[in-house]
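First comes the structure, then the notes that go with it.
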Amino acid sequence: MSSADIYRELILEYYRNPRNFGKLDRFDIEAHDTNPLCGDEVSMQIRVGAGNTIEEIRFSGKGCAISQASASMLTELAKGKPLGWVKGLSKEDIFKLLGTSDLGPSRIKCALLGMKVLKTGVYGYLGAHFEDSDADPTR
């Protein structure tokens, strides 16, 4: 079995048995996006813990094995990390999770959809909290 076959099996395993799939009862961050090229969808919900860490994270969605496996793997990686960690997250990190960078242009968008949703949600949250604290100089 080649390494490409092993990574294909890993992607299929995460697609068939996603980790952190579902919705949170209580959350501080929620974001959603789609890939208009293929119709893949990913939503994420995050509960922020002490020290602005990702205490709990869930995703839901539908689409191809790559988009859903990538989102699942990303939730495992992100749990427990500080929100600021998301800024440094790159497409290379996602390719490393998936075990491949040998994806066509449309598949790259599928692989990066979860990262886009995570960044959108966290940036929105951090921006809103920055504006809240910036608006009142007594804080």
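We did not get these values from a lab; they are worked out from the coordinates using the rules stated. All values reported here derive from a predicted model rather than from experimental measurement. As a convention, Cβ positions derive from the backbone with ideal geometry for all residues, glycine included, and neighbour counts pool all protein chains shown.
Worth a mention:
- Estimated FRET transfer efficiency (R8, H32; beta-carbon r; R0 35 Å; 0.05): 0.80
- By the Stokes-Einstein formula, at 0.890 mPa s and 25 °C, the chain with its Kirkwood radius over alpha-carbon pairs has D equal to 158 µm²/s.
- For the chain, the tally of Lys pairs with Cα-Cα distances below 21 Å comes to 29, considering only residues 8 or more apart or on different chains.
- Cut-off 16 Å (backbone N to label point 7 Å along Cα→Cβ of S106), residues of the stretch 33-54: 35-41
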